[in-house]
Amino acid sequence: MTGPLAGLKVVEMAGIGPGPFCAMLLSDLGADVVRVARPGTPHDPNDVLARGRSVLQLDLRDPASVQQVLALVERADALIEGYRPGVMERLGLGPDVCLARQPRLVYGRMTGWGQHGPLSHAAGHDINYIAISGALHAIGRSGGAPVPPLNYVGDFGGGAMLLAVGVLSALFETARSGRGQVVDAAMTDGAALMSAMMYGFKAAGQWNNQRGENMLDGGAFFYDTYACADGRFVAVGAIEPQFYALLRERCGIADDPAFDAQMDRDAWPLLKLRLAEVFRTRTRDEWCQLLEGCDACFAPVLDWDEAPLHPHNQARQTFCELEGVLQPAPAPRFARTPAAAPVRSQGATPDAVLARWALPHTAPRAAVATA
């Protein structure tokens, strides 16, 4: 194991989406993550979020399997799970039981609504969690409905990444206190937290509740996307005066006095139409030749196939390939303890996983798959 988290042992209770993403982040950075999954769970190379872990297939309805998980817990630094409140307790794997077996354990719990509150036991998905945080209301065009931002804000940003930060923070504290604790990561909390800057802008009178009419939500003509002559798009974010001046110069509108009113919100709708006309005069690649790499705060809008081929992404090796599947590479980068390239598996037999964690092979029903 290489990476800054080498030596860290984590038990992952298999789930979907944000839970596996958090486990992938930890594994990418060197943690030894053992994923507890249902028997018969197939290996799917297209499941990018499952990379880099050993998968211990256990039927948790079997008391012997529960004891096997608890044996792993005794050697673990952390456990992460994303079930509804009460599910782990009913399985006999709740935090009280696990912390009794391993007092230094960091027990990471991630749900949409959190472990308590009037909605905590209700079903939901990313779109519901970001709806009550205020984040969803702010995303979309003026006069239109809110637009779901894929599941970046709730599941992955407000959920998985918040859980990763919470678990690592708790581990830092455990190193000093010698005591474990429970981390309650709710996507509603995380999505609200990610909106901190906007709440500050609103308090200062610099942001309003009208979607698509603020500086960073597509309301400003100098911070938006534009269609080109070939139907492809470019993204412009020239906020600062020096960057805006360069954009005007390269776009041939430096001498147009109408564009002097950069921060006049009343002028934004008309200037957006004017700038859209400018960008429709060239193809996306022609605009890239003219603007990319300068301080005009410009970039082409690339699709899933184009992004891995961009020279900047290739130079940084932002993407990699595993089992024929192109996928994002581990991030961030570390100068002294770099993460290794993602691998399919870190143990091919039950004995290998158990021996790696200094445990005897005591559960014949356990089977290790590769992920």
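Quick check on Ala191: is it under 28 Å from Cys297 (Cβ atoms), in contact with a Ser or Thr (Cβ under 7 Å, 6 or more places away or on another chain) and not in a loop (DSSP other than H, G, I, E, B)? Taking the combined requirement at face value, the residue satisfies it.
Restricting the first member to region 73-95 and to residues that are basic (Lys, Arg), and the second to residues that are surrounded by 17 or more Cβ atoms within 10 Å (Cβ to Cβ) and not in a loop (DSSP other than H, G, I, E, B), the beta-carbon pairs closer than 8 Å and six or more apart or on different chains are Arg75/Lys9; Arg84/Thr111.
In region 94-102 there is at least one residue matching the filter, namely being under 30 Å from Asn151 (Cα atoms) and out of contact with any Gly (no Cβ under 8 Å at 6 or more places or on another chain). Evaluate region 77-93: report whether one residue or more is at pLDDT below 95 and assigned to a helix (DSSP H, G or I). No; the residues of region 77-93 include none that is at pLDDT below 95 and assigned to a helix (DSSP H, G or I). In region 284-336, what count of residues is obtained for those that are assigned to a loop (DSSP other than H, G, I, E, B), buried (at least 16 other Cβ atoms within 10 Å of the Cβ) and over 22 Å from the mean Cα position of the chain (by Cα)? Within region 284-336, residues that are assigned to a loop (DSSP other than H, G, I, E, B), buried (at least 16 other Cβ atoms within 10 Å of the Cβ) and over 22 Å from the mean Cα position of the chain (by Cα) number 3.
The values are calculated or read from the model by the stated rules, or taken from the named source; none is laboratory data. What you see is a predicted model; the values in this text were computed from it and never measured. Here the Cβ is made from the backbone with ideal geometry for all residues, glycine too, and neighbour counts use every protein chain on show.
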